[in-house]
Amino acid sequence: MKNTQQKEKDVVLESGIKVKPVYSPEDVKDIDYSKIIQNPGEYPYTRGIHPYMYRARPWTMRQYSGFATAKETNKRFKYLIEQGQTGLNVAFDLPTQMGLDSDDPQAEGEVGRVGMAVDTLKDMEYAFEGIPIDKISTSLTINSTAAILLAMYIVVAEKQGLSPDKIRGTAQNDILKEYIGRGTWIFPVEPSLRLITDTIEYCSKNIPKYYPVSVCGYHIRESGANPVQEIAYAYLIAKAYIQRVLARGIDANDFIARISFNFDIHGNFFEQIAKFRAARRLWAKIVKDEFNATNPKAMMMKMIAGGGGGGLTIEQPENNIVRGAYYALISALSGTQTMALCSYDEAYTIPSEKAALISLRTMQILIEEMGLCDTADPLGGSYYIEALTDQLENKIENCMKQVEKRGGIVSAISKGEIQREVSKQAYLYEKMIQSGELVKVGVNKYRIEEEERKIKIHEHNPALVKQQIKTLDKIKKTRDNKKVKDSLDKLRDMAKTEENLMPYIIECVRVYTTVGEITKVLKEIFGEFKEPVII
Amino acid sequence: MSKKTIRILIAKPGLDGHDRGVKVVAQLLRDAGMEVIYTGLHQTVDQILKTAIQEDVNVIGLSILSGAHIPITEKLMKGLKTNAMNDILIVVGGNIPKGDIDSLESLGVNGVFPTGSKFEEIVDFIKTNVG
């Protein structure tokens with residue numbers, strides 16, 4: 001009797017989909033392989049964007065790193081490259097992300113804490129010293145000040161003797177999600193969107209191999225969204241950027257291929273895999289049908305799918321190594337282009353060298369020992385996975401339609417509606433964890449009380465902060481301050497027009513104008529965002 | 001003596017923009033019958049003090065996840081002293097390593113609730129300790 005009851009107990013995924021105890025050909029009979037699924041490398045790319053997937057080239061391994069000063073970060077970059085990492089992902093400290101210089105009173109206590117501090121071009125020169133930036137693709141995790149940091153990166157490439165078409169990499173540069181989660185916004189929504197549009201336009205005309213935006217479902221999910229909302233909101237955001245670039249008369253075929261995505265992995269194993277397959281299919285349809293693109297590359301959804309910090313626990317941190325390995329497996333089975341894993345100590349601290357290495361080794365084990373690269377989309381055709389992929393696609397599409405009906409994502413974010421939706425979801429999730437309805441091993445089940453925590457916390461070094469401020473001071477005294485003033489005056493004038501600001505920002509950074517000085521000028525013209533505080 | 005509704009200011013000091021936790025706690029305390037005032041992101045300590053005075057709150061709750069909890073709390077405690085705001089209960093939450101709990105308490109913080117704290121513990125602590 002009890003057994004039957006257990007079998008009949010509903011299993012409902014985070015996205016609201018009920019899971020059947022058994023799936024069979026009956027569940028996929030309406031899914032026409034040649035139209036809806038197709039081979040890898042064929043529209044609508046359900047099974048992956050490349051015909052041979054990892055057989056041709058394994059995913060890029062790109063761990064997030066950066067702390068203290070650019071010189072310290074440069075050492076960690078070189079270590080990771082030596083260990084076989086194939087891409088870099090730069091973490092910036094909060095003052096840099098918020099457009100404040102290291103000597104700004106508001107930056108006190110935060111300089112170099114969660115990433116490396118950048119005040120001027122000099123710091124970016126130090127960070128990439130001895131790293132040929134045409135050989136390794138670099139991702140800059142920066143948003144409201146992305147145009148400035150991208151400008152610095154362009155000048156660093158120039159100083160390494162590289163022409164702009166050699167520059168590879170990605171800027172996160174996704175401001176709309178910052179209003180939903182992560183919170184490093186500065187300017188109001190409209191001028192922020194203008195800056196994003198400027199960078200996309202500039203890159204499509206000058207740096208063809210660069211990905212100027214990585215639209216992040218990741219942080220939306222980490223802020224509490226369920227997997228359906230994660231993809232739906234990210235796609236609505238991507239569409240908002242695309243519409244603005246199209247309005248400048250740029251052809252969809254020329255830039256949509258350079259917009260990539262950053263998604264999150266934690267939660268139910270199969271739901272995650274189906275989520276990515278559904279997302280890939282839906283994006284191909286959106287780009288083809290709504291933007292009338294004909295370039296297949298534009299229809300291919302390219303992503304970094306990372307093991308999310310939200311799934312990791314403070315309790316029994318070693319369990320996070322196991323979780324990370326499963327997240328990496330999910331990512332590989334989902335056909336990602338790039339993979340990153342939060343390290344096991346990341347619920348506490350900036351990862352130690354050892355923890356970052358375990359994450360890298362986890363990915364290398366999958367690639368080189370476990371046969372994950374042997375054949376494309378090995379789960380394709382599974383009754384469960386295909387049925388779930390289909391259901392998730394419908395759910396994501398519906399979620400998008402609802403927001404569009406209410407007036408679109410830009411207005412919903414400006415009014416704080418999406419933020420409220422996401423934090424409501426976070427509260428529901430937390431309640432389920434607290435009640436034990438949702439199990440988190442080591443947290444609300446199999447808990448070990450009075451556990452000794454052996455994690456070493458990343459030491460914040462105040463001496464390095466002093467050094468950073470000293471360097472900044474010296475640059476301010478030795479640079480050509482007339483040129484700095486002229487570059488800022490020009491930027492101020494152009495910010496009042498509709499002109500693309502990238503060339504003027506590049507001129508600012510070239511003469512060692514600081515991140516703070518540039519941001520201040522832009523604030524004068526753009527104003528600052530007023531957060532709609534709705535709980 | 002009638003029990004007055006507890007008024008709590010939930011604040012996000014500094015540049016850290018991770019507000020998932022703070023918004024969860026705000027909803028929790030509101031559901032527990034408290035009047036919750038949330039500052040929004042990127043607040044300076046002076047702004048927080050000003051709001052606390054204006055809103056005449058019994059409790060200030062800080063949420064900090066960037067690791068800068070000690071310097072920020074230190075500043076707030078100084079400000080409370082300067083403004084003679086002695087009867088306000090101070091709680092701190094966020095990404096707080098165990099080893100820092102004592103340091104925060106010795107600064108004068110009444111309760112520290114690191115990530116993962118039990119809902120009842122937070123609610124009970126505030127209800128019990130508001131005079």
Item checked: Any hit, the range A:222-233, residues being in contact with a strand residue (DSSP E or B) (Cβ under 8 Å, 6 or more places away or on another chain), touching a residue at least 12 places away in the same chain (Cβ under 8 Å), farther than 18 Å from A:Lys302 by Cα and within 14 Å of chain B (Cβ to nearest Cβ) -> yes
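Please state which one of A:Ile81, A:Ile49, A:Ile36 is part of a loop (DSSP other than H, G, I, E, B) and of a type in the set (A, V, I, L, M). Full working, then the answer.
Numbers: A:Ile81 fails: part of a loop (DSSP other than H, G, I, E, B); A:Ile36 fails: part of a loop (DSSP other than H, G, I, E, B).
Going through A:Ile81, A:Ile49, A:Ile36 in turn, just one is part of a loop (DSSP other than H, G, I, E, B) and of a type in the set (A, V, I, L, M): A:Ile49.
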Checklist line | Number of the exception - A:Leu162 against (1) closer than 27 Å to A:Gly181 by Cα; (2) touching an Asp or Glu at 6+ places or on another chain (Cβ under 6 Å) | finding: (1)
Check: With respect to the numbered conditions (1) away from chain B (no Cβ under 14 Å); (2) farther than 26 Å from A:Arg194 by Cβ, which one is the sole condition not fulfilled by A:Leu121?
Finding: (2)
Check: For B:Asp102, all conditions in the list (1) at the interface with chain A (Cβ under 9 Å from one of its Cβ atoms); (2) in a helix (DSSP H, G or I); (3) more than 15 Å from B:Leu9 (Cα to Cα) hold save one; what is the number of the exception?
Finding: (1)
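Regarding the range A:187-199, can at least one residue be identified that is more than 30 Å from A:Ser411 (Cα to Cα) and touching a Leu at 6+ places or on another chain (Cβ under 9 Å)?
Looking for residues that are more than 30 Å from A:Ser411 (Cα to Cα) and touching a Leu at 6+ places or on another chain (Cβ under 9 Å), one finds none in the range A:187-199, hence no.
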Margin query: For the range A:267-306, give me each residue that is in a loop (DSSP other than H, G, I, E, B) and touching a Ser or Thr at 6+ places or on another chain (Cβ under 7 Å).
Written below: A:Lys302
Notebook entry, point to check: Out of the range A:477-500, which residues are of a type in the set (A, V, I, L, M) and within 21 Å of A:Tyr202 (Cα to Cα)?
Noted result: A:Leu488, A:Leu491, A:Met494, A:Ala495
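Looking for whichever is more than 16 Å from the chain's Cα centre (by Cα), aliphatic (A, V, I, L, M) and either farther than 24 Å from A:Glu368 by Cα or within 14 Å of chain B (Cβ to nearest Cβ) (or both) here; the options are A:Ala252, A:Ala332. Which one fits? Break it down stepwise before answering.
Working: A:Ala332 fails: either farther than 24 Å from A:Glu368 by Cα or within 14 Å of chain B (Cβ to nearest Cβ) (or both).
Matching residue, one of A:Ala252, A:Ala332: A:Ala252.
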Checklist line | From B:Ile122, B:Ile126, residue being within 13 Å of the chain's Cα centre (by Cα) and crowded, with 21+ Cβ neighbours inside 10 Å | finding: B:Ile126
Margin query: Condition check: in a helix (DSSP H, G or I), more than 12 Å from every other protein chain (Cβ to nearest Cβ) and modelled with pLDDT of 95 or more. Does A:Gln425 satisfy that?
Written below: no
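Each row is one residue, and each column tells you yes or no for (1) within 24 Å of the chain's Cα centre (by Cα); (2) closer than 23 Å to A:Pro164 by Cα; (3) free of Cβ contacts under 8 Å to residues at least 40 places away in the same chain.
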site: A:Val90; (1), (2), (3): yes, yes, no
site: A:Met98; (1), (2), (3): yes, no, no
site: A:Asp103; (1), (2), (3): no, no, no
site: A:Gly109; (1), (2), (3): no, no, yes
site: A:Gly112; (1), (2), (3): yes, no, no
site: A:Met124; (1), (2), (3): yes, yes, no
site: A:Gly130; (1), (2), (3): no, yes, no
site: A:Ile133; (1), (2), (3): yes, yes, yes
Note to self: Just to be sure I understand, how many residues within the range A:212-236 are over 22 Å from A:Gln391 (Cα atoms) and assigned to a helix (DSSP H, G or I)?
What the structure shows: 2
Next item on the list: Would you mention how many residues in the range B:105-125 are more than 13 Å from chain A (Cβ to nearest Cβ) and either in a loop (DSSP other than H, G, I, E, B) or over 20 Å from A:Thr313 (Cα atoms) (or both)?
Entry: 9
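Return the only residue of A:Lys354, A:Lys395 being assigned to a helix (DSSP H, G or I), under 30 Å from A:Pro25 (Cβ atoms) and of a type in the set (Lys, Arg).
Numbers: A:Lys354 fails: under 30 Å from A:Pro25 (Cβ atoms).
Criteria check complete, one pass: A:Lys395.
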Note to self: Name the single residue that is farthest from A:Gly307 (Cα to Cα) among those in the range A:361-398 being in contact (Cβ under 8 Å) with a residue 24 or more places away in the chain, under 22 Å from the mean Cα position of the chain (by Cα) and surrounded by fewer than 21 Cβ atoms within 10 Å (Cβ to Cβ).
What the structure shows: A:Glu397
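If I ask for residues that are in a loop (DSSP other than H, G, I, E, B), within 14 Å of chain B (Cβ to nearest Cβ) and under 19 Å from A:Leu88 (Cα atoms), which ones from the range A:124-144 would you list?
Once the filter is applied, which keeps residues that are in a loop (DSSP other than H, G, I, E, B), within 14 Å of chain B (Cβ to nearest Cβ) and under 19 Å from A:Leu88 (Cα atoms), the range A:124-144 yields A:Ile142, A:Asn143.
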Margin query: Restricting to the range A:428-452, and then to whatever is away from chain B (no Cβ under 11 Å) and on the phi < 0 side of the Ramachandran plot, can you tell me which residue is modelled with the lowest pLDDT?
Written below: A:Glu449
Next item on the list: Could you tell me whether any residue of the range A:146-168 is within 14 Å of another protein chain (Cβ to nearest Cβ), under 26 Å from A:Pro462 (Cα atoms), touching a residue at least 40 places away in the same chain (Cβ under 8 Å) and not charged (D, E, K, R)?
Entry: no
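In a loop (DSSP other than H, G, I, E, B) and among the polar types (S, T, N, Q): does that describe A:Thr375?
On the way: in a loop (DSSP other than H, G, I, E, B): yes; among the polar types (S, T, N, Q): yes.
The answer is yes for A:Thr375.
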Notebook entry, point to check: Residues A:Asp493, A:Asp480, A:Asp486, A:Asp473: which one is closer than 29 Å to A:Gly249 by Cβ and out of contact with any helix residue (DSSP H, G or I) (no Cβ under 6 Å at 6 or more places or on another chain)?
Noted result: A:Asp493
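Of the residues that make up the range A:98-113, is at least one away from chain B (no Cβ under 14 Å), at pLDDT 95 or above and over 30 Å from A:Lys288 (Cα atoms)?
First pass over the range A:98-113, keeping only residues away from chain B (no Cβ under 14 Å): A:103.
Applying the additional criterion that residues be at pLDDT 95 or above yields A:103.
Of the ones still in play, those that are also over 30 Å from A:Lys288 (Cα atoms) are A:103.
Looking for residues that are away from chain B (no Cβ under 14 Å), at pLDDT 95 or above and over 30 Å from A:Lys288 (Cα atoms), one finds at least one in the range A:98-113, hence yes.
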Margin query: If I ask for residues that are under 19 Å from A:Leu236 (Cα atoms), of a type outside the set (Val, Ile, Thr) and either within 14 Å of chain B (Cβ to nearest Cβ) or not in a helix (DSSP H, G or I) (or both), which ones from the range A:179-211 would you list?
Written below: A:Tyr179, A:Gly181, A:Arg182, A:Gly183, A:Trp185, A:Pro188, A:Tyr211
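The values are calculated or read from the model by the stated rules, or taken from the named source; none is laboratory data. None of these values were measured; they are calculated from a predicted model. Cβ atoms come from the backbone with ideal geometry, glycine included; neighbour counts cover every protein chain shown.
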